[in-house]
Amino acid sequence: AQSVTQLDSHVSVSEGTPVLLRCNYSSSYSPSLFWYVQHPNKGLQLLLKYTSAATLVKGINGFEAEFKKSETSFHLTKPSAHMSDAAEYFCVVLPGGYNKLIFGAGTRLAVHP
Amino acid sequence: GAVVSQHPSRVICKSGTSVKIECRSLDFQATTMFWYRQFPKQSLMLMATSNEGSKATYEQGVEKDKFLINHASLTLSTLTVTSAHPEDSSFYICSASQGGTEAFFGQGTRLTVV
């Protein structure tokens, strides 16, 4: 069975401190993994993606994620949060051989001054 | 990156009327388009998958006669909410794929039925 679990529904950090958004997946086939960000009443913007190349993936706006097959995890990190990072973040899996994305429930990131 | 344009971004309609939402891939040919619905503070729920020139494949529980999807060309798919009711009010998002691993999302459409 294919599934995505975002371990935190809400994360709150202070501006300038590190961000960690956790994601675990279950996939029977070699998956592609994505992190998307959604600002209120907007579509989804791709932050980064893993497609079986380097396991440490660097994305836009200073975000990066590490694919750990042994832990079935794909956590999103950023060294220093900015106020503009406040948004909803979705971890998404595309199982190998499939064309349907599987979305996590989302994590709302709040950034405080 | 590839651009997907969704129109309108917001629409308010009266109960019983129909509303059409367009999803266009501006700089690539989309062999597959997806339509999602998003309830407040929730994740995206896949409604249907459409391939150019063929009938859409609807997810379980989605009424095909209620949500009409047309994918007439490689750059345009439309979702028509027929006989809309207040419970159809939601945020609708499309995405388009060239058949690779990445899907590109539209900006979303906020539908309010009054």
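Tell me, please, whether a residue that is within 11 Å of the chain's Cα centre (by Cα) and within 14 Å of chain A (Cβ to nearest Cβ) can be found in segment B:78-92.
Checking segment B:78-92: at least one residue is within 11 Å of the chain's Cα centre (by Cα) and within 14 Å of chain A (Cβ to nearest Cβ).
Hey, B:E22 hits all of (1) open to solvent by 30 Å² or more (accessible area, probe 1.4 Å); (2) outside any strand (DSSP E or B); (3) in contact (Cβ under 8 Å) with a residue 24 or more places away in the chain but one; which does it fall short on?
(2)
When you go through (1) within 12 Å of chain B (Cβ to nearest Cβ); (2) without any contact (Cβ under 8 Å) to a residue 24 or more places away in the chain; (3) of a type in the set (S, T, Y) one by one for A:S30, which number turns out not to apply?
Going through (1) within 12 Å of chain B (Cβ to nearest Cβ); (2) without any contact (Cβ under 8 Å) to a residue 24 or more places away in the chain; (3) of a type in the set (S, T, Y) one by one, A:S30 breaks only (2).
Determine which single condition B:S9 fails, assuming it passes every other condition in (1) open to solvent by less than 10 Å² (accessible area, probe 1.4 Å); (2) within 13 Å of chain A (Cβ to nearest Cβ); (3) within 17 Å of A:L44 (Cβ to Cβ).
(1)
Return the residue satisfying two criteria in turn: it lies in segment B:25-66 and is within 14 Å of chain A (Cβ to nearest Cβ), farther than 14 Å from B:Y92 by Cα and not hydroxyl-bearing (S, T, Y), and of such residues it is least open to solvent (accessible area, probe 1.4 Å).
B:A30
What's the total number of residues in segment A:67-108 that are acidic (D, E) and within 14 Å of chain B (Cβ to nearest Cβ)?
Of the residues in that region, 1 qualify.
Looking at (1) over 30 Å from B:H7 (Cβ atoms); (2) out of contact with any Asp or Glu (no Cβ under 8 Å at 6 or more places or on another chain); (3) at pLDDT below 95, which one does A:A110 not meet, given that it meets all the others?
Every condition holds for A:A110 apart from (3).
Under the condition of being touching a Pro at 6+ places or on another chain (Cβ under 9 Å) and hydroxyl-bearing (S, T, Y), which residue from segment B:87-110 is farthest from B:A2 (Cα to Cα)?
B:S90
List pairs: first residue in segment B:93-114 and assigned to a loop (DSSP other than H, G, I, E, B) and modelled with pLDDT of 95 or more, second residue open to solvent by 40 Å² or more (accessible area, probe 1.4 Å) and among the hydrophobic types (A, V, I, L, M, F, W, C) anywhere in the structure, Cβ distance under 7 angstrom, at least six positions apart or on different chains.
B:V114/B:I12
Considering segment A:61-102 alone, what residues qualify as being β-branched (V, I, T) and within 12 Å of A:P31 (Cβ to Cβ)?
Within segment A:61-102, A:T72, A:V92, A:V93, A:I102 qualify.
Give the residue that is most open to solvent (accessible area, probe 1.4 Å), with candidates limited to residues of segment B:81-114 that are more than 19 Å from B:F67 (Cβ to Cβ) and of a type in the set (S, T, Y).
For segment B:81-114, the residue satisfying everything is B:T101.
Scan segment A:34-60 for residues that are more than 8 Å from every other protein chain (Cβ to nearest Cβ), open to solvent by 80 Å² or more (accessible area, probe 1.4 Å) and out of contact with any Asp or Glu (no Cβ under 7 Å at 6 or more places or on another chain) and jot them down. Explain how you work it out, then say what you get.
Within segment A:34-60, the subset more than 8 Å from every other protein chain (Cβ to nearest Cβ) is A:35, A:37-40, A:47-48, A:50, A:52-60.
Next, only the ones that are open to solvent by 80 Å² or more (accessible area, probe 1.4 Å) stay: A:40, A:52, A:56, A:58.
The answer is A:P40, A:S52.
The values are calculated or read from the model by the stated rules, or taken from the named source; none is laboratory data. None of the values given here were measured: they were computed from a predicted structure. Don't worry about glycine lacking a Cβ; one is built from the backbone with ideal geometry, like all the others, and counts go over all protein chains shown. Heavy atoms of the whole protein, side chains included, go into the accessibility calculation; ligands, DNA and RNA do not. Shrake-Rupley method; radii C 1.70, N 1.55, O 1.52, S 1.80 Å.
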